[in-house]
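The values are calculated or read from the model by the stated rules, or taken from the named source; none is laboratory data. Model, not experiment: these values are computed from the prediction. Here Cβ is always computed from backbone atoms with ideal geometry, including for glycine, and neighbour counts include all displayed protein chains.
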Amino acid sequence: MHVTHLVFACLTGCPQCHLSRQVDGTFQKDPNFAYMHWNIIQKAEVNQQISFHTPVRQQAGIVANIQEMVPVIVELIHKWEFSPNAKPSNKYEKKAMCTLSKLKVLTRDLKGSSSYKQCRCNQTCELIKKLSTPALFLTLNPADVAHPLLGAMAGVVPDEWKSWKSFKRCKFITDNPSPAAIFFDEVIKAFIHIILYYDPSAVSSESNSLFRRCNPYYTMVEAQGRGTLYCHLD
């Protein structure tokens with residue numbers, strides 16, 4: 001995952017208290033801050049989303065085996081920390097692995113998991129069944145390298161931003177991923193509010209939108225190879 005994508009994920013996860021919005025830019029220029037913040041968010045989601053499933057008839061036996069083999073499991077954890085692909089080397093470790101394999105992990109809506117992808121697929125299928133097929137497919141790719149708004153958000157005067165060559169702007173965005181993420185977030189919100197004029201509380205079919213009244217929309221944010229963000233919308 002690119003740094004800009006990490007900052008955007010952190011920004012949308014905690015928009016009010018996000019430290020990269022600070023004026024002095026200390027946090028947004030820290031190369032490790034986005035990763036640490038995302039790691040905290042991901043750990044919190046793991047605690048909330050992950051659970052284990054086992055048949056009722058096996059639960060008592062599995063619990064007893066795990067309690068008996070706690071030292072062996074701890075040794076396996078230390079072994080995996082140094083070598084993630086390490087395999088059990090004795091009968092006790094093999095027995096511990098056999099016991100752990102009986103635990104079925106349920107990730108529900110944990111980002112990056114197969115269950116998360118299945119949830120997104122289920123959502124789109126549900127929308128299609130309820131509202132018919134989408135009438136419009138868009139890929140929004142804000143021109144962050146050329147747009148003066150990004151420079152303004154990063155404290156660069158528009159005239160100075162326009163005088164920069166493309167390479168200098170790209171390097172600036174690389175060194176300052178937070179303004180790029182905030183710029184992307186603001187542009188997508190503006191598109192939804194102004195162009196789509198999405199208002200779920202509206203009763204009348206008449207609106208100021210280019211496409212009249214907009215029913216629920218669906219978006220998915222991805223990162224390009226160079227690290228900038230774009231959005232699929234239907």
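A few notes on this one:
- The condition of being farther than 30 Å from residue 189 by Cβ and of a type in the set (Phe, Trp, Tyr) holds for residue 82.
- For the stretch 141-180, the tally of residues that are buried (at least 19 other Cβ atoms within 10 Å of the Cβ), assigned to a loop (DSSP other than H, G, I, E, B) and under 22 Å from the mean Cα position of the chain (by Cα) stands at 3.
- Members of the stretch 56-88 that are among the polar types (S, T, N, Q) and either surrounded by 11 or more Cβ atoms within 10 Å (Cβ to Cβ) or in a helix (DSSP H, G or I) (or both): 58, 59, 65, 67
- Of the residues making up the stretch 187-197, one or more are part of a loop (DSSP other than H, G, I, E, B) and at pLDDT below 80.
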